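Student: First, the structure itself, so that you have it in front of you.
The values are calculated or read from the model by the stated rules, or taken from the named source; none is laboratory data. Just so you know, these numbers come straight off a predicted model, no measurement behind them. Note: ideal-geometry Cβ built from the backbone for every residue, glycine included; neighbour counts use all protein chains shown.
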Amino acid sequence: MQSVHSGLLIDHCRFSDLKVLTMRRRKFLKHCTSILGSLYATILAVPALGFLFSTLKRGNQTDRTYRLTRLNDLEPGVPQRFTIIDQRVDAWTKYPPGPIGSVWLSKSKDGAVTAFSSTCPHLGCVIDYVAGDEEYFCPCHAATFQPDGAMVSGPQPRGMDELKTTIETIRGDQWVKVEYQKFETGIAEKYPIG
Amino acid sequence: MLPQKAQQWIDERTGYKNFLHAIFLLNFPTQRRSRWQFLWGGALVLMMLVEMVTGALLMTVYSPSEASAWGSVHYIETQVDLGWFVRGLHHYTAHMMIVAIIVHIFLVIISAGYRKPKEFIYWTSLLIGGVIIGLTITGNPLPWDQKGYWSYQIETGIAGTMPVIGSTLRSLVVGGSEFGNLTLTRLYTIHVIVLPVIALLLFTFHMALIRRERLRTAKIREAADDPEIDFQLDEDDPVKDEITQPYWPYQTTRTLVLTLILMGIIIIQLIVYPALKNQHVSVGHDGWEADLPASEIKLEAPADSYIPYVARPEWFVRFLFELRHLVPKELEVLVTAVLPGVILAVLFLVPFYEKVFGEKWGQRLAIFVYVGGLLIISGISWYGIQMERNAPDYALKRSQEIAYAARASWLASKNGVPPEGPDSLLRNDPKSMGPLIFARHCGICHTWNGHDGTGQYIMELKDGKRVKATPRASDLAGFATTKWLTEFLMNPRSPKFFGHVGAMKGGDAILNGDMNDWADSYVGPEGILTKDDIEAVAALVAREANHRDFKPLSEETVKRGVSVFSGIDFKDKSGKVVDFYGYCAQCHAMKAGDPEEEGGGAAPDFNGYGSEKWLTDFIRKPGAERFYGDKNIMPSFEESKLSKHDLNLLVKWMRGEWQRPEQEK
Ligand code: FES
């Protein structure tokens, strides 16, 4: 801050009262500069932060319910995979309906239906079902799960992600509806994305 | 802030204080006399900073490709928080910078800032001005909307007329001969990397020169003031009346005041201007009503060479565009290539004027050339804009453009932009495409509310004067509605319907055919049919079209309509059942009006009359047995003439079927 006294400058100090005046004026102007400078910075910074952070919260897809199959079409004890078809919106682009994910549905002997997201909680590969071993198996890093979704072995931090199901009767037929959702992978908690 | 000790510790090892002083001009001596004049340079730097920050922000969303550019900018405007503000700031600050550099150079000239040893300072400021204009030219087309697309067409076109290098330059910039993805990626590269880097280099050079010059002056003053040194300035040496003053804080305060004033203007502009921009046209000309209020239209329609748009260049190149139209074709290159070169040379040579004319007159000449040039250029631009706005169909064209812009924005907000690109928003929209398809295929003979669907008229030369051409067939606005049918039945020979067909080959058989005889015998004061009868049968037929706003008919109307159509139970004015020989079913088939299933056959089939299917089939083959048969005089529009897609849009548009804002409520 003392730099204004650089030797290059004309000497303001020839008359001492003039010097006091000049110093006061300079102080005042310094204040002005910092006030105006912060105003300038604010005009830029506020919109900048708003802009940046609002683009971070993209993809806030609300969970949606999909009608997948008739209850009677499910074979008890044999999990079946269903593809979720929906429109996908990516920022400004809206894609026509297409596969956005898949779920495993299984019906127990007493008719209760469970649904699992087929996304592996380890790093997000698609989980297969091995009928012979009666277990779910992720081919990427060999995670295995029990038919009820619990961990058997492998690197995954949690069991398969169960999804909410409901049964709806439409014109006499019972239909299975699933609330499809995506979850954060690689962590022990089941934490929904979006 | 760091404690004093730490500051010192770092400074001893880096010398950062000196460095900061040099960079931020902290102890940079400034002339006192011209302190208000040199603020514009400082303001330009601060505005450049605004451009860099907002530009970087926009880069985080913008996507330079044909399919996504428009969508991403629309997303910025409508979805991103304060996106409209950031984009507006970026846009209007750029224009303000052009104004600022014009003022800055003017002030340099009037204070003789080009005089030895400052020639290079002057020249670099000219070059920086050129780069700023380049940045604006390359920035405007980036949203890839109609405005940017067409103005860039003009600008690259102007570049292409340059002798020798023109066409190579153009294809280099455009990325081939046609506009496309490469045009955008190149524009983007030029806009965000090439020009900014050049601008920064020029700016550094410019500042280094100024610094050198100021320090030199300060040293001279110091030496002259120092009694120990035997050095005196000449009486008339300009350095004599320079009292230098450090840049910081004296100049910084003033610079910030000016910058904030300019930014205030920019912010007012970006808030107010979009609403005012289209005030001078009455939106909604000839059915081109906009789906959004003008203030909410942030972008023109997506770039599409099929959608009409009048190309207008940016205001600072407008004069070239206007001049180009004023000169004959062979001289065009004079305007587009030679003239800008001459302007540049005139500006560059300013420091040498004084060599020839002496200091006083040299400077006067420079001021005269600069101000005069600006006045001429703005005069030409102003003239061009006035000419365009006063053109007879300007209001129509502009409201058409606004309607397209609004439509595209509305559709994009409603449905999202499809992956194939934003132009498909309008290309698949009956409201937007219908008028164009109608004008192209049908408008040659038919009319739509008197015009060709788009609000234009087909003109023909009559006795050396251009006059509206007489249509050759019926007016189809409101086709197959109760109102249209009623009017037709009351007077088939009216010019709105068969009136003009007589002029065509075979048309007489229709003009003076059975329908005409029927009207002569049964309609009118002497005829047996009342207005109510006509309206009832018209409504009955119109029901076949099932238009979106068709109101269900009362039972009474249906009964009455059927009685006219089939002649069964027909009651005359007094309510007495009488024989009626003018019933429709003799010639026209329509199950809903014909209990006895007489089935017509001699004239067009009315089953599904005016419906999507009926219209499609009819347009494809009006000479089919079901329709006009061998009486037909209308050309058929096969797939090769009118694609299925276009026909579908045309039919939907004729029937008024498209996505509407009011339906959403
Ligand atoms: S992703 Fe499934 S095991 Fe790693």
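Student: If B:PHE85 satisfies all but one of (1) at pLDDT 90 or above; (2) away from chain A (no Cβ under 13 Å); (3) more than 18 Å from B:VAL346 (Cβ to Cβ), what's the number of the condition it fails?
Tutor: For B:PHE85, the exception is condition (2).
Student: If you check B:LYS559 against the conditions, is it in contact with an Asp or Glu (Cβ under 6 Å, 6 or more places away or on another chain) and basic (Lys, Arg)? Break it down stepwise before answering.
Tutor: Details: in contact with an Asp or Glu (Cβ under 6 Å, 6 or more places away or on another chain): no; basic (Lys, Arg): yes.
Taking the combined requirement at face value, the residue does not satisfy it.
Student: Kindly indicate whether any position in the stretch A:112-130 is within 16 Å of the ligand (Cβ to nearest atom), crowded, with 19+ Cβ neighbours inside 10 Å and within 30 Å of B:GLU420 (Cβ to Cβ).
Tutor: Going through the stretch A:112-130, the residues within 16 Å of the ligand (Cβ to nearest atom) turn out to be A:116-130.
The next check asks that each one be crowded, with 19+ Cβ neighbours inside 10 Å; those that pass are A:116-122, A:127, A:129.
Okay, now just the ones that are also within 30 Å of B:GLU420 (Cβ to Cβ), so A:118-119.
There is at least one residue in the stretch A:112-130 that is within 16 Å of the ligand (Cβ to nearest atom), crowded, with 19+ Cβ neighbours inside 10 Å and within 30 Å of B:GLU420 (Cβ to Cβ).
Student: Same structure again: Test of understanding: among B:ALA199, B:ALA223, B:ALA218, which residue is closer than 18 Å to B:VAL45 by Cα and small (Gly, Ala, Ser)? Give the steps one after another, and end with the answer.
Tutor: Details: B:ALA223 fails: closer than 18 Å to B:VAL45 by Cα; B:ALA218 fails: closer than 18 Å to B:VAL45 by Cα.
None of the others qualify; the one that does is B:ALA199.
Student: Give all pairs with beta carbons closer than 6 Å in which a residue from the stretch B:423-445 that is more than 19 Å from B:SER409 (Cβ to Cβ) meets a residue that is part of a loop (DSSP other than H, G, I, E, B) and among the hydrophobic types (A, V, I, L, M, F, W, C); count only pairs at least 6 apart in sequence or on separate chains.
Tutor: Close Cβ pairs satisfying both conditions: B:HIS441/B:LEU642; B:CYS445/B:ALA473.
Student: A further question follows. Residue check: is A:PRO157 within 16 Å of the ligand (Cβ to nearest atom) and in contact with a His (Cβ under 9 Å, 6 or more places away or on another chain)? If you could, list the steps in order and put the result at the bottom.
Tutor: Working: within 16 Å of the ligand (Cβ to nearest atom): yes; in contact with a His (Cβ under 9 Å, 6 or more places away or on another chain): yes.
Yes.
Student: Still on this structure, please answer the following. Taking A:ARG171, is it away from the ligand (no atom under 16 Å from the Cβ) and farther than 30 Å from A:THR55 by Cβ? Steps first, answer last, please.
Tutor: Working: away from the ligand (no atom under 16 Å from the Cβ): yes; farther than 30 Å from A:THR55 by Cβ: yes.
Criteria met by A:ARG171.
Student: A follow-up question, please. Of these, B:SER151, B:SER68, B:SER125, which one is surrounded by 18 or more Cβ atoms within 10 Å (Cβ to Cβ), within 14 Å of chain A (Cβ to nearest Cβ) and among the polar types (S, T, N, Q)? Steps first, please.
Tutor: Details: B:SER151 fails: within 14 Å of chain A (Cβ to nearest Cβ); B:SER125 fails: within 14 Å of chain A (Cβ to nearest Cβ).
Exactly one residue qualifies, and that residue is B:SER68.
Student: If a residue counts only when it is touching a helix residue (DSSP H, G or I) at 6+ places or on another chain (Cβ under 8 Å), which helices (runs of 4 or more DSSP H) contained entirely in the stretch B:588-664 have at least 3 such residues? Quick ask: steps written out before the conclusion?
Tutor: Working: elements: B:612-620, B:644-654, B:661-664.
The qualifying helices (runs of 4 or more DSSP H) are B:612-620, B:644-654.
Student: Could you tell me which numbered condition B:GLU555 fails, if it satisfies all but one of (1) modelled with pLDDT of 90 or more; (2) closer than 19 Å to B:ILE528 by Cβ; (3) surrounded by fewer than 17 Cβ atoms within 10 Å (Cβ to Cβ)?
Tutor: Here B:GLU555 clears every test but (2).
Student: In addition: Which residue, of B:VAL335, B:VAL317, B:VAL371, is surrounded by 13 or more Cβ atoms within 10 Å (Cβ to Cβ) and either charged (D, E, K, R) or free of Cβ contacts under 8 Å to residues at least 40 places away in the same chain (or both)?
Tutor: Numbers: B:VAL317 fails: either charged (D, E, K, R) or free of Cβ contacts under 8 Å to residues at least 40 places away in the same chain (or both); B:VAL371 fails: either charged (D, E, K, R) or free of Cβ contacts under 8 Å to residues at least 40 places away in the same chain (or both).
Going through B:VAL335, B:VAL317, B:VAL371 in turn, just one is surrounded by 13 or more Cβ atoms within 10 Å (Cβ to Cβ) and either charged (D, E, K, R) or free of Cβ contacts under 8 Å to residues at least 40 places away in the same chain (or both): B:VAL335.
Student: Name the single residue that is modelled with the highest pLDDT among those in the stretch B:600-623 being surrounded by fewer than 17 Cβ atoms within 10 Å (Cβ to Cβ) and closer than 17 Å to B:MET515 by Cα.
Tutor: Per the criteria, the residue is B:ALA602.
Student: Among residues belonging to the stretch B:416-468 that are part of a loop (DSSP other than H, G, I, E, B) and within 14 Å of chain A (Cβ to nearest Cβ), point out the one that is nearest to B:PRO635 (Cα to Cα). Show your work before the answer.
Tutor: Of the stretch B:416-468, the ones part of a loop (DSSP other than H, G, I, E, B) are B:416, B:418-422, B:428-429, B:443-446, B:449-450, B:453-458, B:463-464.
Right, trim to within 14 Å of chain A (Cβ to nearest Cβ) and you get B:416, B:418-422, B:428.
Details: B:GLY416: 39, B:PRO418: 35, B:PRO419: 37, B:GLU420: 34, B:GLY421: 35, B:PRO422: 34, B:ASN428: 25 Å.
Selected residue: B:ASN428.
Student: Which ones in the stretch A:38-56 are within 18 Å of B:ALA43 (Cα to Cα) and facing chain B (nearest Cβ under 7 Å)?
Tutor: Within the stretch A:38-56, A:LEU39, A:TYR40, A:ILE43, A:LEU44 meet the criteria.
Student: Looking only at the stretch A:131-154, which residues are surrounded by fewer than 19 Cβ atoms within 10 Å (Cβ to Cβ) and within 10 Å of the ligand (Cβ to nearest atom)?
Tutor: The answer is A:PHE137, A:PRO139, A:CYS140, A:HIS141, A:ALA142, A:THR144, A:GLY154.
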